[in-house]
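FYI, it's all coordinate maths here, none of it is from the lab. The structure displayed is predicted, hence computed values, not measured ones. Note that each Cβ is placed from the backbone with ideal geometry, even for glycine, and that neighbours are counted across all protein chains shown.
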Amino acid sequence: MTRARKTLYDKIWDAHLVNEQDGEAILYIDLHLIHEVTTPQAFAGLRAAGRKVRRPDRTLAVADHNIPTEGQALGVDAVADEEARLQLKTLARNVKDNGIEFFPMGDIRNGIVHVVGPEQGRTQPGMTIVCGDSHTSTHGAFGALAHGIGTSEVEHVLATQTLRQEKARNMKVRVDGQLGPGVTAKDVALAVIGEIGTAGGTGYVIEFAGDVVRDLSMEGRMTLCNLTIEGGAKAGLVAPDDKTFAYIQGKPSAPKGAAWDIALSYWKSFVSDDDAHFDRTVVIDGSALVPMVTWGTSPEDVIPVTGNVPDPESFATPDKRAAAHRALDYMGLTAGQPISEARIDRVFIGSCTNSRIEDMRAAAAVVQEAFLHGRLVAPHVTAMVVPGSGLVKEQAEEEGLDAIFKAAGFDWREPGCSMCLAMNPDKLQPGERCASTSNRNFEGRQGRAGRTHLVSPAMAAAAAIAGHLVDVRTWLTEETV
Amino acid sequence: MQAFTRLDGRAAPLSLANIDTDQIIPKQFLKTVEREGLAKGLFYDFRFDGDGNQIAEFVLNRPEYKGSSVLIAGDNFGCGSSREHAPWALMDYGIMCVISTSFADIFNNNCFNNGLLPVVLRPEEIAVLMDEAKGGNHMVSIDLATQTVVSPSGKSFHFDIDPVRKDKMLKGLDFIGETLMHGADIDLYESKRALDRPWLEA
Ligand code: SF4
């Protein structure tokens, strides 16, 4: 008897099917992550309908989107922004009323929701994970089906621990070869979006495969999956392997003792079968990739750091030409100028894309090397580093990374989403240009009329010191001779 | 949820592609704990300049598009952040239907969960609608039962829609109440899961 070959996505889907009717499925949700911004209306809806949270034990709350990145120990009452304070207090009340575990602002375990889940061992292979935040795709790095949902769906999951879903199609993105020095997961992710476009993944779940993906650390895989949503895909996945298991082992919520062995054999089944059918396959030569940077206002507006700003007239359709003209105008760039000439005012190292310990280390390594060459943050640049969680911050401080950043003139902050979406006081001023390790360069994302260039942590660190965008592979030797 | 059956209304053309939810409703309006009152933030940076003055040329600020209930937009509408404030803001402003060549996934789901109808038409059909809506007559009709959009000049376009979603939209069904009718299936699933994956039980 031949059985239909299944992809990793198919397997997770099948394992969570509660019911299926007329092409619409009810999927069971293993982990529901919540935060202050996209939940107040969901809890209000529950209350109004007299409904309860079905599985508080499968729900975890953090405060991340609008918390300040200094003075967190002073508590919520000291948060200056009145509306943010109200949201934080509303979340605290809602989790208390419903018996949901919560890491409040100032708790060392608190941080950006997509950093906290994996760090606590809550994120595990073969799971379904949702959160009212689009970058939930991050958790796909563990071979979990993870995606963002809206507030009505948050309410649905709270009440039923399930979600109504239509099945997506399967896409495989294979990144072959080996990354060169100075080329990171962020560059791979940007290159993938540049290749497929921001709507290229719409209707698909992407599984990342190939030697480059296998060779990435768990942090790197999280960065890659984090950005899948910017390619429009429903979710990104990497099949779990020994690296995945080693990362989870010993984390607070990881299975222990005999349960670990049961879990391990269960997790190991979550890989695509040989010859499983993918509706679309994209192959990228990882060895040919170089550090990438965005020039426009969509994550697909990406070029190698060695490249020039494209001419809007070179785009194929009138829509794209108009969008490119608008983007150049907004970004204050000229067609044809080398992107490395773009002088920057601000640097942001942080966000759920790049705020884990490895990102901190990569940035700090560049800063330290520059420091040894007598270089500090350029006088006209304001640079900030925002670790992804209290635990990342603590680890970085134990390793002395904070001291390196501070000595070079970086501002070392407390954890949170910060200038990724600029809902708290950390924002760009109109016209300011920023090298940012976050995930969105949309108009106004980091502050009204602010200009964002998405880059890797190493590239952001180098830009802070050079004062303009630079190729992290060559900048020190070229600039100091 | 509000039911959607038929809509006759003024259509505003917004011919930009990749309009993201940060543009539909910027983050400073997300600090509310309510669903209502978000119209003030809709397309804020398109409608108002840095000093809070109306930008006269933006389509929704033009007198002839006052009270529009339909938006015709470029490709990949609603990409970016998952914020449901985007459909809430559109609906609070009075926009009950958006027509585009494609919608980002989460935004699309959020629309269906609130009774805002996302209609997908072909690029050449959007071009016709866009053109006509820029003329003197901006009235379009959308009929969900027959799955048609009628342009200002009377051209009729058919659109596809998932039958399950269509039915729920027509009836304005409460999704949670409906799922809870499958409570026994969820119970069954949970008891199997407790056996298969005991480490996930507290
Ligand atoms: S860091 Fe940015 S993208 Fe990530 S969860 Fe926070 S706001 Fe969303």
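Would you mind listing the helices (runs of 4 or more DSSP H) fully within the range B:63-163 where at least 1 residues are crowded, with 22+ Cβ neighbours inside 10 Å and over 18 Å from the mean Cα position of the chain (by Cα)? Lay out the reasoning, then the answer.
Numbers: elements: B:85-93, B:105-112, B:123-133.
So the answer is B:123-133.
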Handout entry: Residue in the range A:109-124 that is crowded, with 24+ Cβ neighbours inside 10 Å, more than 16 Å from the ligand (Cβ to nearest atom) and of a type in the set (A, V, I, L, M) present
Key = no
Problem - A:Pro387 being within 16 Å of the ligand (Cβ to nearest atom), surrounded by 16 or more Cβ atoms within 10 Å (Cβ to Cβ) and either farther than 28 Å from B:Thr21 by Cα or more than 14 Å from chain B (Cβ to nearest Cβ) (or both) - result: yes
Practice task
Scan the range A:255-272 and report the pairs whose first residue is under 13 Å from B:Arg197 (Cβ atoms) and whose second residue is among the acidic types (Asp, Glu), with Cβ atoms within less than 8 Å and a gap of 6+ or a chain change.
Solution key: A:Tyr266/B:Asp196
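For the range B:143-190, which positions are aliphatic (A, V, I, L, M) and either within 15 Å of B:Ala3 (Cα to Cα) or touching a Cys at 6+ places or on another chain (Cβ under 9 Å) (or both)? Let's see the steps before the verdict.
Applying the first criterion (aliphatic (A, V, I, L, M)) to the range B:143-190 yields B:144-145, B:149-150, B:161, B:164, B:169-170, B:173, B:176, B:180-181, B:184, B:186, B:188.
Of everything in the range B:143-190, those that are aliphatic (A, V, I, L, M) and either within 15 Å of B:Ala3 (Cα to Cα) or touching a Cys at 6+ places or on another chain (Cβ under 9 Å) (or both) turn out to be B:Leu144, B:Ala145, B:Val149, B:Val164, B:Met169, B:Leu170, B:Leu173.
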Fill in the blank from the handout: The residue that is nearest to the other protein chains (Cβ to nearest Cβ), considering only those in the range A:405-434 that are over 23 Å from A:Ala362 (Cβ atoms) and within 14 Å of the ligand (Cβ to nearest atom), is A:Met423
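Can we say A:Ala92 is away from the ligand (no atom under 16 Å from the Cβ), in a helix (DSSP H, G or I) and surrounded by fewer than 24 Cβ atoms within 10 Å (Cβ to Cβ)?
Working: away from the ligand (no atom under 16 Å from the Cβ): yes; in a helix (DSSP H, G or I): yes; surrounded by fewer than 24 Cβ atoms within 10 Å (Cβ to Cβ): yes.
So A:Ala92 fits the description; yes.
Restricting to the range A:155-183, and then to whatever is over 24 Å from A:Ala199 (Cα atoms) and outside any loop (DSSP other than H, G, I, E, B), can you tell me which residue is nearest to the ligand (Cβ to nearest atom)? So that I can check it myself, show each step before the final result.
Within the range A:155-183, the first condition is being over 24 Å from A:Ala199 (Cα atoms), and the residues that meet it are A:155-162, A:177-183.
Filter once more, so that each one left must be outside any loop (DSSP other than H, G, I, E, B): A:155-160, A:162.
On the way: A:Glu155: 20, A:His156: 21, A:Val157: 17, A:Leu158: 19, A:Ala159: 24, A:Thr160: 24, A:Thr162: 23 Å.
By that ranking, first place goes to A:Val157.
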Handout entry: Index of the failed condition, A:Val293 passing every other in (1) under 30 Å from A:Gly390 (Cα atoms); (2) not in a strand (DSSP E or B)
Key = (2)
Handout entry: Failed item, numbered, when A:Asp275 is tested on (1) on the phi < 0 side of the Ramachandran plot; (2) more than 24 Å from the chain's Cα centre (by Cα); (3) exposed (fewer than 15 other Cβ atoms within 10 Å of the Cβ)
Key = (1)
Exercise for the section: Please name all residue pairs, on different chains or six or more residues apart, with Cβ atoms under 6 Å, provided the first residue is in the range B:5-30 and is closer than 21 Å to B:Tyr65 by Cβ and the second residue is aromatic (Phe, Trp, Tyr) and crowded, with 23+ Cβ neighbours inside 10 Å. Expected result: B:Ile19/B:Phe77
Problem - Search result, residues across the range B:21-37 that are buried (at least 23 other Cβ atoms within 10 Å of the Cβ) and more than 7 Å from chain A (Cβ to nearest Cβ) - result: B:Thr21, B:Ile24, B:Ile25
Fill in the blank from the handout: Within the range A:321-349, residues being over 14 Å from A:Gly450 (Cα atoms), within 14 Å of another protein chain (Cβ to nearest Cβ) and surrounded by fewer than 18 Cβ atoms within 10 Å (Cβ to Cβ) number 4
Handout entry: Elements of type strands (runs of 3 or more DSSP E) in the range A:13-78, at least 1 residues being within 9 Å of chain B (Cβ to nearest Cβ) and of a type in the set (Val, Ile, Thr)
Key = A:17-21, A:24-28
